[in-house]
1. Kindly identify chain B as rounded, prolate or oblate by the Cα gyration tensor criterion: order the square roots of the eigenvalues as a ≥ b ≥ c, call it rounded if a/c is under 1.5, otherwise compare a/b with b/c, prolate if a/b is larger, else oblate.
2. For peptide C:162-174, what's the mean number of Cβ atoms from other chains within 10 Å of each residue's Cβ?
3. Helix C:112-136: angle to the longest alpha-carbon principal axis of chain C, degrees 0 to 90, nearest 10?
4. Just the number please: accessible area per residue for the stretch B:4-212, 1.4 Å probe, all protein chains included, in Å².
5. To the nearest Å, what is the center-to-center distance of the stretch A:443-459 and the stretch A:350-371, using C-alpha atoms only?
6. Below 12 angstrom from the Cβ of residue A:456, what's the summed charge of the other residues (Lys, Arg +1; Asp, Glu -1)?
7. Let me know the charge dipole size of the stretch B:100-192 about its Cα centre in debye, to the nearest 20, where only the beta-carbon of Lys, Arg (+1) and Asp, Glu (-1) is charged.
8. Would you list which aspartates and glutamates come within 14 Å of residue A:539, measuring only between C-alpha atoms, while excluding same-chain residues fewer than 8 positions from it?
Amino acid sequence: MTNHYIDFQWSDVILIMGSNPASNHPISFKWITKAMEKGSKLVCVDPRFTQSAAKAHLYAPLRSGTDIAFLGGMIKYIMDNKLFFKEYVKNYTNASFLVNPAFKLPGENRGVFSGLTGNKYDKATWSYQTDAAGVIKKDPTLQNPNCVFQLLKKHYSRYNMDVVSRITGTPKEKLLEVYKTYSSTTGPSRAGNILYAMGWTQHTVGVQNIRTMSIIQLLLGNVGIPGAGVQALRGESNVQGSTDHALLFHILPGYLGTPRSSLNTLKEYNEKRTPKTKEPKSLNWWKNFPKYSASFLRSMYGKNITLDGAYNLLPKLEEGTDYSWLTLFDHMYKGQFTGFLAWGMNPAASGASSNKVRQALGKVDWMVNVNLFDNETGSFWRGPGMDPAKIKTEVFMLPCASSVEKEGSISNSGRWMQWRYKAVNPPGQALPDGDIMSEIFFKVRDLYRKEGGPNAGAITRLTWNYGKFSADGKYHLDVHAIAKDINGYFLEDKELVDPATKQKKIFKKGTLVPSFALLQDDGSTSSGNWLYCASYTEKGNMAARRGKKDPTGLGLYPEWSWSWPLNRRIIYNGASVDPSGKPWNPRRAPIKWDDVEKKWKGDVPDGVGNPGSGRPPFIMKPDGVAHLFGPGLADGPFPEHYEPLECPVEKNLMSPQKSNPTIKHFEEKGVGTELDTIASCDPRYPFVCSTYRVSEHWQTGVLTRWLPWLAEMQPGMFVEISDELAKERGFKNGETVTVRSSRGELEAVAIVTPRFKPFNIDGNTIHQVGIPWHFGWVTTATRKYSPNDKKPEIFTFGDSANLLTPFAGDPNTMIPESKAFMVNVVKKGVK
Amino acid sequence: MSENIKLFDTSRCTGCRGCQLACKQWNNLPAKQTVNWGSYQNPPTLQSNTYLIMRFQEKADANSVKWFFRHEACMHCTDAACVKACPTGALYYSEFKTVGKNIEKCIGCKDCVAACPFEVPKYDSGANKVLKCDMCESRIANKLEPACVKACPTGALKWGEKETMLKIANERVKELGGDAHVYGPQYVGGTHLAYILQEKDAVYAGLKIDPKVPLSVIAWKDWLKPLSLIAGGGVVVGSLLHYILHGPKRPDADVGQDNPAEGGK
Amino acid sequence: MPEKGMIKVTDGFERIVHWMLAGSCILLFITGLGMMYRELNFIGNLMGGLVALKYVHNFTGLLFIVSLVLAARMWWHEAGKFSMPEDLEWMMCAGGYLWHVEKVPEIGKYNPGQKMFFLTVIGCGALMGVTGLVMWFPVGLSLGFVRWMYPLHALGFVVFFAFFFVHLYLGTIGNPGTVMAMIDGWATKAWAKKQHPKWLKEMEESGKLEVYGEETKEAASH
């Protein structure tokens, strides 16, 4: 999130698209409701009439997987009606940048951008024109046909209302109403907000879905101000934290790109990862990359090794490979793994195409399942269709503590790092994850010390001074030690300018670094995650603060917990003032210049220089401005509508290119496996299906299905189908039906509802159905329970929705496309 | 003690069921096996183990669909049929004017189950008790809002002084316009759970239209109960008078035990 | 103890059924009242609590229903049907209970007052039984129906309660000599002559009259 939950109250229009916060982020509706009480308009766009839609002033349906078409139409509407916030667009985006004349848009290049070979783009033409000094050429009048603004206009001129309606199935008058309502937030005094979640990310065009909206937000001047921005409602309470701390393969903590094996030295790595710019006034914050990488290496391997030595120890990614979820399980299925740690995860239910995942789990020699309860993963070998006698995998269950049984922090969607205390001791043999991890670490380290191995030093030299061994030989991790290590220390006495006082000061060895502005590239500081530097300082644990002061009156609550970066509550807030430093909207200004004290007051200022300095405020971009034209992504600098890999239409009405040209096709020979089937436009699977969540359950339900009160409220798998489809197929409300894709099938109770309506897609009636994904066979009444098995107090019905989902993902993130795929729904058991 | 009521605003409710769960938690109510019956609403009705349910209801016409979420629990009538019907005082008017329950006193007679115009009290055959919401008396007695109100994220549930709540309700109704209206204060002496409804009463499934203390309860408790004493007492007095004024019917003196043959003359 | 010359007016079975009915009825009154008036809730204490009292009431109700069925079967022939014209005549003069009547019409074993009492007991008893059972087991019945069981049960009680005292009075001090008919079954001939002259005559004529200390005529003729 650029902003935070409390900030929703300042929105004039809120667009809920790709999410259902009423159901899945109930607390967020406290602030949405507040906004509505102040007169804001709530717009909901969703294939299904959701709880959020029920509260919205305006609801528009769309077919799953057509969001870019829908939003592209909005960009065209904004352009055609000149509703963009010109001053903002001109000064704070790359609208005026002149693009390489050789660059081609999909409209003039058979649906793809210039440079495509195979499924990869050569991005040579996705570049800017520069002058002799290397400075990007610009046209502040935004008239040059090669300027970003004109290219954007040209690109989306193809997204006319008629074609958009035929693709999305949204009636034209609804499109117009949404466009009109949302674009009313243009200009200095109004704020429009977008709340999205997995409804946007879980697509083969997931990243581009969000990009499209970001473009709209920039055009309307909706970034950096209260009540605006782009809000990712996270699917799990600490997904923000786990991403910040690099749960994903392609980044190290703090979004430092993981080194590839081709980058032999730290210098090469820094060189490659540190962006350069010739723009004279741009701050280019990432120029500090070497400070963050050096501090990270110090946190990993300590001071008794050179930075280069530490870099050498750091594991690298093989060139050209990815280690994403889909790829990992594909490799596992192909027998390329020996063992597997399933830690706080339930891939047998959460993994796309779960049948493949369940088969894959049988191909490893051992698996360690760290969880609170038994789950579909730990017991995969005795699941439906499995023959335990034929499965070699040895499974170890390590019970772990729940979030209330250990101390630590979580980082919420609004980037707040919030400290939590332990309420009760974990039951039985359960341990906090950190203790389990430590125990494994020390055992593995001993083995490496004894037996050696490839790059053994990566493990043997790792710093692990986060706790103590007790008398019984158990290691007890001190989460405060970890939190401090994440923040970082001065490793030697250092005289530096204190950013707080602007005075020189000696920072003592062993003290905590007060701000990432003081991190050094010479190895004199450590920081496990530069973004979190300033979260735990000599002043104490910032995340544990519970101050309720609100000096701006904007609900920023700067003394409540701590928000990265540097306790900034609204990122890009430097864009909330005009180039002369005056707030666009003085009534809702997150920062204001204090002429007497000569400093910004309010939120922690982001990127902005002193008034009149001319510094562009989007300092995380090398050129200092936000990117309407975004050449960094795998699938194009502008979002283009492509159909989901599995879709009900023969043709993409937008171009001859049907699906995203850059995705990996596991279904193709020699790529994936025989289980990776795709059935697009296949009469056997005529209905569009999407997965979603209910308020009562969490993720795969491992935590919630065992809770009787929650299971009682939502006791099992259902499929929501329209009245029309039910009539056509003769389904009665409440009857059990079979939902089937080319990859699997499951039983579900039919909820026949007017909240789904058939779509008119280019003259054809297309039905869409929807299923929740929280269920699994482990807590059902019909499975076999061994004498030692815990039985749930309240049984749930049905297995995982992911038995049906396709093994295909976004080319940038590899997030699987579980929000748009094709199924059939038949009477129970009918083939 | 000021009189508080719970106000439920349908327009603010998102159907998250935080209230339903909080109720179970505070009252430590067990779960019972359910099945999906084609609705999100579960358990389908109030039960002895479920004092509060969220009702989910759809209303569709050709062009639009609406989805209603309604909080259903004890209405806490000022003139409560259940209290009237309860033979033991297990149900009573609390000092907060809500309808409290004293489980110890409940004899499981189910009189209240039949009496309640809102069909709220539910009989638990296992415990042989009738159970229902007591507006979290243990909380409100300690100046806390009921658990359901505490859990509500959107302010759809509020707890406060009656006049204030009704003022808020009336203002909200004005804001909402259309068929919006307040439901509750005009019935059974005023309920302590009031609704702000956006639609007409008849639209809501399960909502009682013009609820009253049932005539059967009035006939039973207000008429027949006193009548039984009057009738019984009347007879006793009448008999006494009869004995004194008319005298008993004694066998005739001339009929001696010795002359059976003469009998019948 | 009966004296010589007294006549047998009831047999043992009749008296057992009568007292089953009477006993259950009284117990139902007491327990019912204990539930009807909170002021009388203390009655429950005597039975180990109100829950126990409720069970006593409910199970006594079952006994009552059984007694009622036995009574109906047993007395239906003699007390369930009116015999004209004498019953009508008896009613016209209210059996001599309310004003002075020179000659009360001669009636059989049960006078119309008793017959009406019997029919009321059967009718109201059935009502109490049915409504009581519904209240006990309201499963699967519409609430609107169940709801009315309560005032009907109360209505039955009003009638029963009043009739109870009528019966108590008339069976004891109101009609001296009557009570023994339900205690040992013997009554004086004078009593019978006064209360049920026609029956006495029929019995004597048929020779079925059992007189204490004598053999019946029928038996003697053997």
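1. Values: a/c = 2.74, a/b = 2.63, b/c = 1.04.
Prolate.
2. Values: counts 10, 3, 3, 9, 5, 1, 3, 8, 4, 0, 2, 5, 7.
What the average comes to for C:162-174 is 5.
3. 20 degrees
4. Numbers: 7750 Å² over 209 residues.
Counting only protein heavy atoms, the per-residue value for the stretch B:4-212 is 37 Å².
5. Between the Cα centre of the stretch A:443-459 and that of the stretch A:350-371, the gap is 27 Å.
6. With Lys, Arg at +1 and Asp, Glu at -1, the neighbours total +2.
7. Details: 14 positive and 12 negative charges, 39 e Å.
Using Cβ point charges on Lys, Arg, Asp and Glu, the stretch B:100-192 gives about 180 debye.
8. Filter leaves A:559.
The values are calculated or read from the model by the stated rules, or taken from the named source; none is laboratory data. Small disclaimer: the values here were computed from a predicted structure and weren't measured. We place every Cβ from the backbone using ideal geometry, glycine too, and count neighbours over all the protein chains shown. Heavy atoms of the whole protein, side chains included, go into the accessibility calculation; ligands, DNA and RNA do not. Shrake-Rupley method; radii C 1.70, N 1.55, O 1.52, S 1.80 Å.
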